[in-house]
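Beneath this line is the structure, given in structure tokens, with notes to follow.
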Amino acid sequence: MEKLQPYYEENNIAIVVSSSNEYVPYLSVYIKSILDNATENYNYDVIVFETSISDYNKQKLKQIINKDNIMLRFADPTSLLNNYDLKFPSEYSLECYFRLTAPLMLPDYDKVIFTDADLIFQCDPAILYNIDLDGKPLAACKDLMWSAFLKYKNADWLEYAEETLMLENPYEYFNTGVMLLNIKLFNKEEYSKKLLEYVSKTTFRILEQDGLNSFFQTNIKYLDTAWNYPVANSLYRRFISLMPEENRIKYKQDSLHPFVIHWAGREKPWTNVNIEKADIWWKYAKETSFYESILLRMAQFQDARLSTLYNEIEKFNNELVQFHYPNINNSMIQSEYEIKLLFILKRILCFKLRKFRYFLFKTFLFGNVRKQYKQKYLKLKQIINDSKMLRDKYRRV
């Protein structure tokens with residue numbers, strides 16, 4: 001096991017994050033936000049826990065660093081997890097448990113900031129680092145969105161919190177996306193070992209986050225929730241009204257001036273440019289060397305979604321056609337292409353948005369990729385025009 005020593009001798013701010021090779025482009029945006037908000041008063045030791053990041057991507061990430069008081073390093077903590085039966089569903093990965101190894105990997109630090117990678121800093125991380133832990137093992141933010149889930153009558157989150165997590169106060173649940181870890185206390189009490197054994201015994205819904213909450217209960221330092229603001233994605237917006245009034249007011253206040261913006265749900269700014277505060281994330285993304293890769297991935301993601309829509313054409317039967325287009329009967333439809341056009345009319349807004357994305361990609365990308373999206377743009381533009389002509393044709397019948 002490779003234990004890391006503090007890189008700087010004084011004024012050392014340690015920031016740790018987990019990532020895979022696939023996640024590197026988005027990690028670059030996270031790092032850029034630290035760069036832009038760091039000050040000259042401190043030294044920033046940024047450490048990426050990983051197992052798969054290629055040497056090429058490591059070098060490319062290091063090239064982002066343009067300040068002498070910021071260091072980027074990489075470490076592999078997997079050997080510390082080999083003796084534990086850690087379970088996770090397909091949408092998660094082993095990296096989720098890396099945060100539990102930080103005290104063992106970094107024993108000579110007093111404390112470290114540990115965060116998720118799907119967030120950005122909006123102020124100096126040193127401000128967070130300098131918060132007094134008051135003798136607690138960790139500091140984290142109360143999860144305001146969780147309080148809304150507990151109120152949702154059609155789900156069993158409150159029952160899960162009380163019976164599985166055995167939380168004495170379910171509304172004091174904290175989010176682990178941003179944590180300040182008391183390294184000395186963790187190692188003195190062997191909390192990492194105890195936690196890894198604990199989470200190995202139960203399959204928690206939110207893995208190590210549930211485990212940390214169940215293990216520590218309220219024995220933590222609660223941070224101002226502005227240090228971990230979860231954006232209101234399409235799912236979360238449905239639940240905001242269910243928050244206790246005090247939490248709802250604080251959540252709205254945090255949205256105005258968040259210290260950290262966290263895209264905690266499945267929707268991310270790199271797949272949905274319309275998600276809340278995505279423009280801030282893209283501001284940092286444009287300044288990284290991964291910007292074109294991020295754009296291309298977004299295009300590919302949207303292409304996959306479009307392919308899924310096209311597959312629904314097979315389910316687009318005559319009954320549905322007649323329901324949405326009462327002036328059209330089976331004898332009027334002359335080809336499979338017309339069925340496809342009618343399908344597009346049914347979801348015209350979606351396809352117009354796709355055309356707009358193609359327009360952006362053909363404008364801002366380069367080389368063969370740009371040519372590819374120019375062709376896609378022209379083809380989709382023609383199909384949308386054909387669908388409108390078909391609609392006008394049947395309206396005259």
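For Cα extents along the principal axes in Å, the candidate list reads (i) 62, 56, 33; (ii) 64, 63, 44; (iii) 81, 51, 42; the entry that matches the value derived from this model is (iii). Farthest towards the positive end of the charge dipole of the chain, among the residues 129, 100, 52, is the Cα of 52, using unit charges on the Cβ of Lys, Arg, Asp and Glu. Protection proxy ranking of 211-220, 377-386, by the mean of other Cβ atoms within 10 Å over each peptide's residues and highest first, is 211-220, 377-386.
Measure nothing but the geometry: give the 0 to 90° angle between the long axis through the Cα atoms of 348-364 and the longest principal axis through the Cα atoms of the chain, rounded to 10°. On a 0 to 90 degree scale, this one is about 70. The mean of 1/r over all distinct Cα pairs in the range 1-66, once inverted, gives the Kirkwood hydrodynamic radius of 12.9 Å.
From the alpha carbon centroid of the range 28-63 to that of the range 197-271 is 24 Å.
Note the angle between two axes, namely the Cα long axis of helix 245-256 and the longest principal axis of the Cα atoms of the chain, as a number of degrees from 0 to 90, rounded to the nearest 10. With both axes taken from Cα atoms, the answer is about 80 degrees.
What the phi angles of the range 113-130 give under the Karplus curve with 6.51, -1.76 and 1.60, with θ = phi - 60°, is a coupling list of 8, 10, 9, 6, 9, 8, 8, 9, 7, 10, 8, 5, x, 4, 4, 5, 4, 7 Hz, glycine and proline written as x. Annotation: extensible slack from residue 388 through residue 110 equals 93.5 nm (criterion: 0.36 nm per residue apart, minus Cα-Cα distance). Per residue, the convex hull spanned by the alpha carbons of the range 37-186 comes to 161 Å³. Rolling a 1.4 Å probe across all protein chains gives residue 79 an accessible area of roughly 60 Å².
The values are calculated or read from the model by the stated rules, or taken from the named source; none is laboratory data. Note that this is a predicted model, so its numbers are computed, not measured. No Cβ is skipped: glycine too gets one built from the backbone with ideal geometry, and neighbour counts run over all protein chains shown. In case anyone asks, the SASA skips ligands and DNA or RNA and just uses the protein heavy atoms, side chains included. Shrake-Rupley method; radii C 1.70, N 1.55, O 1.52, S 1.80 Å.
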